[in-house]
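Let me begin by presenting the structure, written as structure tokens, before commenting on it.
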Amino acid sequence: MKIAYIESGSKGVDYHRLTKPLSLSFHELTAYNTIPLDKVDEVDCDVLIFNRAMIEPDQLEILSKFRNKGVKIIVDIDDYWVLPQHHLAYEHYHGGFRAKIIEAITFADEVWATHDMLAAKCLKYNQRVKVYPNAIDPNEAQWIPYKTASKKLRLGFVGGVTHERDLALTADAFRVAHDTMDIQAVICGYNNEAKDIFNIYNYFMSGRYDLGTDTRVIGELDQYNYGAFYDEFDVAIAPLEENEFNIHKSNLKIIEAGMKATPIIVSHTHPYVDDHPAVFKTNNWRKAFEKVNRLGKDRLTELGLSLRDYVIENYNLNNHLRKL
């Protein structure tokens, strides 16, 4: 089977939802950055797959032309398309991209969603929805644990530029932890283009002290290597403000941390519903930090290894390949 897929420009989304799963599917694959209307006839495929929506303004005409060629159209949805007003992409979505996502979902022969709650949103527009959870290939080198050593208890955050309000939930906890525990905050993914937001992250995670407090900032890695971030700390954190957009996200942070044998503290909200002793759900970040500190590194290491077993059993990509 010949599959054409369009890369969205969001490297992490492409990697987890399209590039990596499709690479294990044994189909003939061709990746595109864009397929304008006048290039549709040049695309030889049986299936067209893309995430959320196409960038072209004449999306519906393009998709109709593919369908007239007998091509099956699959739309992958990894996030809810109604954003809170404070979100960095709100204007982009409100200005037309949200409508394009709904148009693509409605037109598709099949829709993929990350979990049941998001699938329910898609079902309002299309009854042909399948749930394919995020998953990771445990055999890929970046997801094999290679923990570095440290005497301090390292609390690490791996995330993009849209988590200012989420990380703000932890600021007071970090302030107390820096005063009362031997900890190091680790911020991963820094890049110069987003230095302002990462300075805010640093402000929160350094306990609102002068920047330069014992907080380590690690530069960005691409989607094929960023799993190495998790080797640089002992406990991951995934704070998430509870709102209609966030509760439709996936539990990918638990999966990533688990594959790297790393316990994780998460906000007590959907999508963080996995029940495992190494997944610490909290609405009180100060108490959560105190708890992992009391457990100590040896116990945290044991819990991390157990979480890896759990994630491999439940989120092994080789067991979750899309059936085309």
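Counting just the residues of segment 65-91 that are assigned to a loop (DSSP other than H, G, I, E, B) and more than 26 Å from the chain's Cα centre (by Cα), which one comes out nearest to T106 (Cα to Cα)?
Taking segment 65-91 first, the residues assigned to a loop (DSSP other than H, G, I, E, B) are 69-71, 78-89.
Applying the additional criterion that residues be more than 26 Å from the chain's Cα centre (by Cα) yields 69-71.
Working: K69: 19, G70: 18, V71: 16 Å.
Across segment 65-91, the extreme among qualifying residues is V71.
Do you know which of the residues in segment 244-287 that are of a type in the set (G, A, S) and in contact with a helix residue (DSSP H, G or I) (Cβ under 7 Å, 6 or more places away or on another chain) is farthest from M117 (Cα to Cα)?
Selected residue: A261.
Does T162 fit the bill of being of a type in the set (S, T, Y), crowded, with 22+ Cβ neighbours inside 10 Å and touching a residue at least 24 places away in the same chain (Cβ under 8 Å)? Full working, then the answer.
Working: of a type in the set (S, T, Y): yes; crowded, with 22+ Cβ neighbours inside 10 Å: no; touching a residue at least 24 places away in the same chain (Cβ under 8 Å): yes.
So T162 does not fit the description; no.
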Query raised in the report: Do you know which residues across segment 22-64 are crowded, with 17+ Cβ neighbours inside 10 Å and assigned to a helix (DSSP H, G or I)?
Result: L22, V40, Q59, I62, L63
**Report entry** Residue under evaluation G189, criteria (1) assigned to a helix (DSSP H, G or I); (2) open to solvent by less than 60 Å² (accessible area, probe 1.4 Å), criterion not met
**Finding:** (1)
Query raised in the report: Pick from D222, D231, D172: which is open to solvent by less than 80 Å² (accessible area, probe 1.4 Å), in contact with a Lys or Arg (Cβ under 9 Å, 6 or more places away or on another chain) and either over 22 Å from Q142 (Cβ atoms) or basic (K, R) (or both)?
Result: D172
Query raised in the report: Considering segment 281-295 alone, what residues qualify as being open to solvent by less than 20 Å² (accessible area, probe 1.4 Å) and either in a loop (DSSP other than H, G, I, E, B) or not hydroxyl-bearing (S, T, Y) (or both)?
Result: W285, A288, F289, V292
Query raised in the report: So which residues in segment 239-255 are farther than 19 Å from Q85 by Cα and of a type in the set (A, V, I, L, M), if there are any at all?
Result: L252, I254, I255
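The rows are residues; the columns are (1) in contact (Cβ under 8 Å) with a residue 24 or more places away in the chain; (2) closer than 23 Å to H320 by Cβ; (3) surrounded by fewer than 21 Cβ atoms within 10 Å (Cβ to Cβ).
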{"position": "V82", "(1), (2), (3)": "yes, no, yes"}
{"position": "H87", "(1), (2), (3)": "yes, no, yes"}
{"position": "I105", "(1), (2), (3)": "yes, yes, no"}
{"position": "V111", "(1), (2), (3)": "yes, yes, no"}
{"position": "T114", "(1), (2), (3)": "yes, yes, no"}
{"position": "C122", "(1), (2), (3)": "yes, yes, no"}
{"position": "W143", "(1), (2), (3)": "yes, yes, no"}
{"position": "K151", "(1), (2), (3)": "yes, no, yes"}
{"position": "G156", "(1), (2), (3)": "yes, no, no"}
Query raised in the report: Within segment 234-259, restricting attention to residues that are of a type in the set (V, I, T) and in contact (Cβ under 8 Å) with a residue 60 or more places away in the chain, which residue is surrounded by the fewest Cβ atoms within 10 Å (Cβ to Cβ)?
Result: I247
Report summary line: The one condition T19 fails out of (1) under 18 Å from the mean Cα position of the chain (by Cα); (2) open to solvent by less than 40 Å² (accessible area, probe 1.4 Å); (3) modelled with pLDDT of 95 or more is (3)
Report task. Determine, yes or no, whether F198 is within 14 Å of T170 (Cβ to Cβ), assigned to a helix (DSSP H, G or I), more than 17 Å from the chain's Cα centre (by Cα) and of a type outside the set (S, T, N, Q). Result -> no
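The values are calculated or read from the model by the stated rules, or taken from the named source; none is laboratory data. Keep in mind the model is a prediction, meaning the values are calculated, not measured. Please note: Cβ atoms are built from the backbone with ideal geometry, for glycine as well, and neighbour counts cover all protein chains shown. Side chains are part of the model used for accessible areas, which takes the heavy atoms of the whole protein and leaves out ligands, DNA and RNA. Shrake-Rupley method; radii C 1.70, N 1.55, O 1.52, S 1.80 Å.
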